[in-house]
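FYI, it's all coordinate maths here, none of it is from the lab. Note that the coordinates shown come from a computational prediction; the quantities given were computed from them, not determined experimentally. No Cβ is skipped: glycine too gets one built from the backbone with ideal geometry, and neighbour counts run over all protein chains shown.
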Ligand SMILES: [Zn+2]
Ligand SMILES: [Zn+2]
Ligand SMILES: [Zn+2]
Ligand SMILES: [Zn+2]
Ligand SMILES: [Zn+2]
Ligand SMILES: [Zn+2]
């Protein structure tokens, strides 16, 4: 039963993802997110944080995966709420339009 | 992340074609067809899930998840040691155990990314992170002293000495100095003076640049703006003399002189924006005001005026550049000549003609803006020549914002000179810290929004930051029309307020700011758009 829900869930995700990619909406959302994160200074803050991590561990001893693992919690926490809300609303609108079609 | 020998070896054997194809079809798809293919086939070949970190093998046709290591299994079992990340296009080398750089593959990706972004009309591709040029690196080397601006730092705050009733000038200078985009322009040393060296002595933009240096020098003693005052007197003669002047009039004059000096024109060599206010008779839409100077980039908005003929419903639309929005406070006060924008004619603006009927006294900025953008019936005393009917007809007029400026300056018309008697309106008019201009846009008037679902449309609008503004300066006038004093509040960082009273700077709270009797309100846009 639980497995069934899980499978349906995965199926749903796959369908939504495919729709997002096919229509170019995924790229548009990425573009919006990128713009917003640059605007609010998120990008600069994270870049600074990355520099600190690399300096601390030494360039020779760190991989991209290490760096990603290190900065992800901070990166997530620093995304402003209004940016998350705006993105969520855009996704909702997109899904509503898709359901209408 | 460095370059590795495995990539060089791979390229010498197989070339770059496999990467180019994978990138064009599955990473940066630039046509509907390619996007459809990408959407259908973007799944892991092992587990069939559309993982968010899919990688494509550079040796054969295989896509696999990175997180669940399906791509790793493939790489090791087949000895295919290079794969491209299908989200970002970066190359992972399984031999080195990390992502690796390759200039040649990167430049292929760059070209294809741009093409894909253009096909969808995406904006963020125009963003280029700042990298110092060689000249700038040299300047940084020669000037090793650094100053870090932190949240607590008060750098940029400096009082201005009153030179005899010059508080009207001081508060405008404070507001301009604390206009974020203008500050960035001057601190980045972007004014490239177009005047000859003799003329440049008279350049108000150069003087602003010096003022910014004074404010950011770290010096705490009040600055004496005698040089600025002298320049204002020589460039805007109607403001000369030691009398109290109107701060709004000074702002517009200052913007006008700055705009002219940006172009390298002193005095009368250039078409000033005032011309659009006074000499636009017979001018139709498509105003030739295409100035790209920093003042126009920041302050110029586009005001749309739609005049609808009551007889034939023909709409004539004009768009005019504006530097500020003047808002009536009194009941049915006459609107300024500037806004009496009609497509005819010889008729001079009629009197007793307002941008809101009735005896309505606005008590908030939103009220004022609603009134400003409300369709208004022009009575029989204000007939306008209709280009379709070829005769004078009664009509309806509506003003809306076609293009929003980066900095919106609202002028609450507290001083009335029109009726012969001079008086000041001291009504409290509330104004918000955050302002959404969406309802006052021309696009809201037409209601041509793509969304079909009304509720979705409303909430999506409310959440979008596109037309949102933040308050950053307020100019106040205290006292009466004959005897008064100007002060202002300015914002530093994101939320710290200070009161500037000539040479005195004191800390203030947002509440004090919002409770004050505002005369000029300065808002800046929260989001800047990149130019295409
Ligand atoms: Zn998989
Ligand atoms: Zn392979
Ligand atoms: Zn390698
Ligand atoms: Zn100059
Ligand atoms: Zn200009
Ligand atoms: Zn008509």
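Here are the numbers for this structure:
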quantity: Kirkwood-Stokes translational diffusion coefficient of the protein assembly as shown, alpha-carbon pairs, 4 °C, 1.567 mPa s, µm²/s; calculated: 45 µm²/s
quantity: Distance from the range B:42-58 to the range B:153-208 (C-alpha centre basis), Å; calculated: 57 Å
quantity: Protection proxy ranking, peptides B:474-487, B:298-311, average beta carbon neighbours within 10 Å, highest first; calculated: B:298-311, B:474-487
quantity: Measure of compaction for the range B:1-126 (Cα Rg per 2.2 N^0.38 Å); calculated: 1.02
quantity: Over the range B:5-126, relative contact order from alpha-carbon pairs under 8 Å, at least 6 apart, %; calculated: 24 percent
quantity: Cα shape, the range B:95-167, gyration tensor, a/c 1.5 rule; calculated: prolate
quantity: Linear extension gain, residue B:234 paired with residue B:483, 0.36 nm per residue minus alpha-carbon span; calculated: 87.1 nm
quantity: Diffusion coefficient, µm² s⁻¹, Stokes-Einstein with Kirkwood Rh over alpha-carbon pairs of the range B:150-263 at 10 °C and 1.306 mPa s; calculated: 108 µm²/s
quantity: Peptide A:85-93, shielding by other chains (average Cβ, 10 Å cutoff); calculated: 4
quantity: Kirkwood Rh and Cα Rg combined as Rg over Rh, evaluated for the range B:381-435; calculated: 1.13
quantity: Tilt relative to chain A, helix A:81-100 - C-alpha long axis, 0 to 90 degrees, to 10; calculated: 30 degrees
quantity: Residue mean of other protein chain beta carbons inside 10 Å, A:27-33; calculated: 4
quantity: Taking the convex hull of Cα positions in the range B:105-217, its mean projected area over all directions (nm²); calculated: 12.5 nm²
quantity: In degrees, nearest ten, helix A:2-23 long axis to first principal axis of chain A (Cα); calculated: 80 degrees
quantity: For chain A, built as a Gaussian network whose Cα springs stay under 10 Å, the top-fluctuating residue of A:70, A:52, A:60; calculated: A:60
quantity: Column: log10 I(q)/I(0), Debye, Cα scatterers of the range B:52-94, q = 0.17 Å⁻¹; calculated: -0.33
quantity: Residue B:149 paired with residue B:193, simple spin-label distance in nm, labels 7 Å along Cα-to-beta-carbon; calculated: 2.4 nm
quantity: Two-decimal Rg/Rh across the range A:32-101, once Rg and the Kirkwood Rh are taken from alpha-carbon atoms; calculated: 1.16
quantity: Test item: B:388-401 mean partner chain Cβ contacts at 10 Å; calculated: 0
